[in-house]
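Working notes, beginning with the structure itself.
The values are calculated or read from the model by the stated rules, or taken from the named source; none is laboratory data. Because the structure is a prediction, the values reported are computed rather than measured. Virtual Cβ from ideal backbone geometry, glycine too; neighbours counted across all protein chains shown. What goes into the accessible areas is simple: the full protein's heavy atoms, side chains included, and nothing from ligands, DNA or RNA. Shrake-Rupley method; radii C 1.70, N 1.55, O 1.52, S 1.80 Å.
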Amino acid sequence: MTAQLTQPATYDQSLWAKGYRSLKEEFDYAITDIEGSIPPDLSGTLFRNGPGTLDVNGTNIHHPFDGDGMICSIAFQDGQAHFKNRHIRTAGYVAEQKAGKILYRGVFGTARPGGWAANLFDTQLKNIANTQVIYWGGKLLALWEAAEPHALNPATLETLGLDRLDNQIAPGSAFAAHPWIDPSAASTGGAPCLFNFGIQSGLSFTLKLYELDLSGKVVQEQSHPLPGFAFIHDCAITPRYALFFQNPVRFNPLPFLFGLKGAGECIAFRPNEPTRILMFPRDGKAKPITVEAQSGFVFHHANAFEEGEFVVIDSIAYADLPSVEPGTDFRDTDFSKGFPGQLWRFRINLATGTVEKQLLLDRCCEFPVVHPALVGRPYRYTYTGVAAMAGNAPLQGIAKVDVTKGETLTWLAGPNGYINEPTFIPRKGIGAGNCYTEVVGDEDDGWVLTMIYDGARDQSAIVVLDARDLTQLARLNLKHHVPFGLHGTFTPQVFA
Ligand code: CO
């Protein structure tokens, strides 16, 4: 495989920044502006979540992570596609839209008007439901890591309200935005399960682990105290272990309590301190294992697997944490001052407790995904967003990385194209519960989808790539822009 880097090593920051504007309207239409053709056997629904509002009645929020969640669904059937988007009617969204002003503080620094006095000791945060969306157990759930899920109607995207998984999680519980579908779990007798976690914070931190069967019933639950301050966004799983990177950060709550900063602005990364890799046996029968590694800051993991005495985990790591500064506009971010995320392999020796690291992709990358039937298993390919140039830069393409050979193939969205997280959809292999449970044929027999923002046209589009060679098969032009999103999932069920 050879890299295809054919565009100039530059980008227009003002066009990139235009992708961070609210989309206030809600649409529901068949997509007719299609370049190329949609594969007729691509069937199902791609759900995506991300901030839909970047301002409240003209007042900009401080950071996109503070934006209220909006769900997009793109349903594919018989070579046709249908687009829909709805804002999630969280209590905070409804109250702020009604009041026409910001009423809540955001984790990443969005303050209520009135300066520090109005924000003093105001630790009430709103559940913005903006990070991930997943269809499981007959429910479409919008996830935000610090609170309960919101349930939505998968066909209409209408908000049904807070959902505590049929009272299986306590009021106020955190249910993280990074669940994994394990294609075959011990807790469910070999059937697929949904693995997720939640971190309850307060004076101390408690980690909860959940495994849900296909009906949505919690079949395995564990609770563990976490030492020190925990900023953990994602996890990884293997058949035997749940893995967490506890990044070396310190939290100074005083500026937050005094209303001067958002909680996310009070986190300081300690790049020279080791990361603690916490390994929890999923059956709960053995004690957790902790090893240390010099990892940098990690938000996202691509995958993990077991190999004899070793546990291997592939993650996007930053040499230093991009800090959120008060009084700045994220649209003016100087990318050259940030550190690129890079794909690293961490190989944990269970016998000695030592960790070896290896760089798999040095180009700036984020949002890695793998074949859904190989979650937690040895695998060959990951698909991830990448920058078009060296150094830290916006994500403008998709890279397919062969982690066994270190080879990379890249598709670029063009000089004014900016990408969202990719999704890999296998052509075949749907098993129990409409989950992808096996690899049929080649691991890369399927499609990679991503939503792009075309800054020159000020319009978003969905592109469908052939996963084997990243050839663009179709580009589905939407009638409007969609603000840059966070995460999404695909279900083979069609909700049109
Ligand atoms: Co994430």
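Amide H of HIS63 versus every other amide H placed in the peptide plane: which residues, excluding those fewer than 5 positions away on the same chain, fall under 5 Å?
THR110
Could you provide, to the nearest whole Å², the per residue accessible area of segment 191-268 with probe 1.4 Å?
Dividing the accessible area of segment 191-268 by its residue count gives 37 Å².
May I ask you to give the percent of accessible area on segment 13-491 that is carbon plus sulfur, with a probe radius of 1.4 Å?
Carbon-and-sulfur percentage of accessible area, whole number: 51.
For the chain, would you read off the P(r) tail past 41 Å as a percentage of all alpha carbon pairs?
Value for the chain: 12 percent of Cα pairs lie more than 41 Å apart.
Could you tell me the calculated FRET efficiency between ASP458 and ASN349, based on Cβ-Cβ distance and R0 = 56 angstrom, to the nearest 0.05?
Step by step, r from the Cβ atoms, then E = 0.65.
Computed FRET efficiency, Cβ-Cβ of TYR29 and ALA432, R0 25 Å: what is it to the nearest 0.05?
It comes to 0.15.
Return the long-range amide H neighbours of SER22 (sequence gap of 5 or more, or a different chain), with a cut-off of under 5 Å between placed amide H atoms.
LEU54, ASP55
Taking the Cα centre of segment 400-493 as origin, work out the dipole magnitude from +1 charges on Lys and Arg Cβ and -1 charges on Asp and Glu Cβ, in debye rounded to 20.
340
Calculate one ³J(HN,Hα) per residue across segment 244-253 by plugging θ = phi - 60° into the Karplus curve 6.51 cos²θ - 1.76 cosθ + 1.60, and present them in order as whole Hz with x for glycine and proline.
Going residue by residue, I get 10, 9, 8, 5, x, 10, 10, 10, 9, x Hz, with x marking Gly and Pro.
Using only DSSP helix segments of four residues or longer, with each worth -39500 (n - 2.57), what per-residue ellipticity at 222 nm results for the chain after dividing by its residue count and rounding to 500?
That comes out to -1000 deg cm²/dmol.
With unit charges on the beta carbon (Lys/Arg positive, Asp/Glu negative), name the residue among ILE181, PRO281, VAL56 whose Cα is farthest towards the positive pole of the charge dipole of the chain.
Working it through, the farthest residue towards the positive pole turns out to be VAL56.
Go through ASP445, ASP12 and list them by solvent-accessible area, largest first, probe radius 1.4 Å.
These residues rank, largest area first, as ASP12, ASP445.
State the dimensionless ratio Rg/Rh of segment 283-360 (Rg: radius of gyration of Cα atoms; Rh: Kirkwood radius).
1.11
I'd like to know which of LEU470, GLY485, VAL440 lies farthest towards the positive end of the charge dipole of the chain, counting +1 on Cβ of Lys and Arg and -1 on Cβ of Asp and Glu.
Checking the options against the dipole of the chain, the answer is GLY485.
Considering only HIS300, LEU395, VAL219, whose Cα is most displaced toward the positive end of the charge dipole of the chain, charges sitting on Cβ of Lys, Arg (+1) and Asp, Glu (-1)?
Final value for the positive-end residue is VAL219.
Hey, what's the Cα Rg ratio for segment 1-115 versus the globular rule of thumb, 2.2 N^0.38 Å?
That ratio works out to 1.38.
Whole-Hz Karplus ³J(HN,Hα) for segment 339-355, in order, using 6.51 cos²θ - 1.76 cosθ + 1.60 and θ = phi - 60°, x for Gly and Pro?
Once θ is set to phi - 60°, the couplings for segment 339-355 become 9, x, x, 10, 8, 10, 9, 10, 10, 8, 8, 5, 6, 9, x, 9, 10 Hz.
On average, how much area does the Cα convex hull of segment 390-466 cover when viewed from any direction, in nm²?
With the hull built on Cα positions only, its mean projection is 6.6 nm².
Kindly report, to the nearest 10 Å², the accessible surface of PHE367 as traced by a 1.4 Å probe over protein heavy atoms only.
About 30 Å², ignoring ligands and nucleic acids.
Given H placed on each backbone N at 1.01 Å, which residues far from VAL219 in sequence or on other chains put an amide H within less than 5 Å of it?
Amide H neighbours of VAL219, under 5 Å, 5+ apart: GLU211, LEU212, ASP213.
Per-residue HN-Hα couplings for segment 378-390, Karplus 6.51 cos²θ - 1.76 cosθ + 1.60 at θ = phi - 60°, whole Hz, x for Gly and Pro?
Values per residue, Gly and Pro as x: x, 8, 10, 10, 10, 10, 9, x, 9, 6, 8, 9, 5 Hz.
At 1.4 Å probe size, with every protein chain present, just tell me what the per residue accessible area of segment 361-420 comes to in Å².
Dividing the accessible area of segment 361-420 by its residue count gives 25 Å².
Direction-averaged shadow area of the convex hull around the Cα atoms of segment 183-293, nm²?
Averaged projected area of segment 183-293's Cα convex hull equals 8.0 nm².
Is there a quick way to get the dipole size of the chain? I mean about its Cα centre, with the Cβ of Lys and Arg at +1 and of Asp and Glu at -1; what is the value in debye to the nearest 20?
The dipole magnitude comes to about 840 debye.
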